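Here's the structure we're looking at; comments come further down.
The values are calculated or read from the model by the stated rules, or taken from the named source; none is laboratory data. All figures in this text were calculated on a predicted structure; none of them were measured in a lab. Positions of Cβ are generated from backbone atoms using ideal geometry, with glycine treated the same way; all protein chains shown enter the neighbour counts.
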Amino acid sequence: MFDLLIMAVSWILMIVGCVFVVSGAVGLVRMPDLYTRLHAASLTDTGGTIVIGLALIIQAVFIFDNNMAAIKMGLIVFFTLFTGPTASHALAKTALLCGQVPVDADGKPILDSPEEATLLARSRPADYRHGEDAKRIEDEMDALNKKRRGEG
């Protein structure tokens, strides 16, 4: 009886996870631009991973009595939760840097130009040169140390 209950719960979780993943696939087809497609796919894949992983962990522990498989599945879910959103962020930022302009619900561009999208994605100014941050921080630390010693 206990095994039947565990199997029922794990299969319900698997079905829910599959619904997440299939809804993400539908979102890839139905959404209007790259950013909304990316959003739909990344959220549903992460949610599906959590729910399906939980179902497999339950089966590994209670049905197959294999704790090592449960630990491995837990690690797979854990690392997927980090890599999925990180990859989505990198893809979205790269699209902005390449000038891909997001659109609103009516399909009209939100930004005026691809150049504006590129500027929006930059974390530093276009004329930034390597090492400027380190030099600025070093100068600020020197000024702070002089102020503490009473030299400033």
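Points worth noting:
- Restricting the range 111-122 to residues that are more than 23 Å from the chain's Cα centre (by Cα) and not in a helix (DSSP H, G or I), the residue that is surrounded by the most Cβ atoms within 10 Å (Cβ to Cβ): Leu111
- Some residue of the range 100-110 being within 30 Å of Met31 (Cβ to Cβ), surrounded by 14 or more Cβ atoms within 10 Å (Cβ to Cβ) and among the β-branched types (Val, Ile, Thr): yes
- Tally of residues being small (Gly, Ala, Ser) and assigned to a loop (DSSP other than H, G, I, E, B) across the range 78-99: 1
- Residue count for the range 56-99, restricted to those that are without any contact (Cβ under 8 Å) to a residue 40 or more places away in the chain, surrounded by 16 or more Cβ atoms within 10 Å (Cβ to Cβ) and over 30 Å from Met7 (Cα atoms): 1.
- Asp33 fulfils the conditions (1) at pLDDT below 95; (2) in contact with a helix residue (DSSP H, G or I) (Cβ under 8 Å, 6 or more places away or on another chain) except for a single criterion, (2).
- Residue among Arg136, Arg129, Arg148 that is in a loop (DSSP other than H, G, I, E, B) and of a type in the set (Lys, Arg): Arg129
- Scanning the range 10-25 for residues that are among the hydroxyl-bearing types (Ser, Thr, Tyr), farther than 21 Å from Thr86 by Cβ and surrounded by 18 or more Cβ atoms within 10 Å (Cβ to Cβ) turns up at least one hit.
- Of all residues in the range 70-77, at least one satisfies being part of a helix (DSSP H, G or I), charged (D, E, K, R) and more than 30 Å from Glu115 (Cβ to Cβ).
- Among the candidates Gly84, Gly150, residue that is over 29 Å from Cys18 (Cβ atoms) and of a type in the set (Gly, Ala, Ser): Gly150
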